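Please read the structure below before turning to the comments.
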Amino acid sequence: MSADDLRAKIREVPDFPKPGILFYDITTLLKDAAAFKDAIDLMTKPFEDTKIDVVVGMESRGFIFSAPMAYRLDAGFVPVRKLGKLPAETVSVEYSLEYGTNTLEVHKDAIQPGDKVLIVDDLLATGGTVIGTIELVQQLKGEVAGLAFLVELLFLKGRERLKQYDVYSVVQY
């Protein structure tokens, strides 16, 4: 399937979660086995010839894509979670959202110095969450090898905040 075929599988829900917002619902893509497989393949392809030690997935929809991508890349999988969800010693970062702040955490031993890290999420919007995740990787002295997203909302200009990184998205709106 092409990116356009995948785009056709994403349901557009107007006025969710509030009036004036057009929500791109990926659950309709995920339930289609061929579309889900092709989404993983397309997200992984740009990084197949890159040495990746660890694929980091951002809570929670990022986990859906990052775990199978780690498998395909013969890499480890590391979850980045919201505050208080990880049981062992963590490092954390607070980052800005349009409506406030949030905190992300990763286990302190999840990434080793020099690890090549691919960061994955379902959506690139303003870039706030991925910038927070990049900060976590850097705190642990990992090297960001790339950023992969299923969907990118171009009008929110998140990519502009990530110019120094290899950013790849499959479907753009």
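Bear in mind these aren't lab numbers, they're just calculated from the coordinates by the rules spelled out. In this text, all values refer to a predicted model and were calculated from it rather than measured experimentally. Note: ideal-geometry Cβ built from the backbone for every residue, glycine included; neighbour counts use all protein chains shown.
What's the local net charge at Ala88, with K and R +1, D and E -1, over the other residues with C-beta under 13 Å away?
With Lys, Arg at +1 and Asp, Glu at -1, the neighbours total 0.
Which ³J(HN,Hα) values in Hz, rounded to whole numbers, follow from the phi angles of the stretch 85-95 under the Karplus curve 6.51 cos²θ - 1.76 cosθ + 1.60, where θ = phi - 60° and Gly and Pro get x?
9, 9, x, 9, 4, 10, 10, 9, 9, 9, 9
Which of Thr126, Thr103 has the fewest other C-beta atoms within 10 Å, and how do the rest follow up to the most?
Sorted ascending by nearby Cβ count, the order is Thr103, Thr126.
Mind jotting down the distance between the C-alpha centroids of the stretch 139-173 and the stretch 1-69, whole Å?
14
Would you mind getting me the FRET efficiency between Asp32 and Asp166? Use the beta-carbon distance for r and R0 = 30 Å, nearest 0.05.
0.60
How far apart, in nm, are two points set 7 Å out from the Cα along the Cα-to-Cβ line at Glu59 and at Leu83?
If labels sit at Glu59 and Leu83, their model points lie 1.1 nm apart.
Considering the dipole of the chain built from charges on the beta carbon (Lys and Arg +1, Asp and Glu -1) around the Cα centre, which of Tyr99, Ile52, Ala75 is farthest to its positive end?
Tyr99
Pull up all non-local amide H partners of Val171: gap of 5 or more, or a different chain, and H-to-H distance under 5 Å with H placed in the peptide plane.
Val151, Glu152
Using per-residue counts of other Cβ atoms within 10 Å, averaged over each peptide, order 10-19, 88-97 from highest down.
Result, highest mean Cβ count within 10 Å first: 88-97, 10-19.
With a 10 Å cut-off between alpha carbons and a GNM built on the chain, which of Val56, Val120, Val78 moves the most?
Largest GNM mean-square fluctuation: Val78.
Past 31 Å, Cα to Cα: identify those pairs from Lys45/Lys157; Lys108/Lys163; Lys18/Lys141; Lys18/Lys51; Lys116/Lys157, in the order given.
Too far apart for the 31 Å limit: Lys18/Lys141; Lys18/Lys51.
Considering the chain as a Gaussian network with a 10 Å cut-off on Cα pairs, which listed residue, Gly20, Gly146, Gly127, attains the greatest mean-square fluctuation?
Residue with maximal mean-square fluctuation among Gly20, Gly146, Gly127: Gly20.
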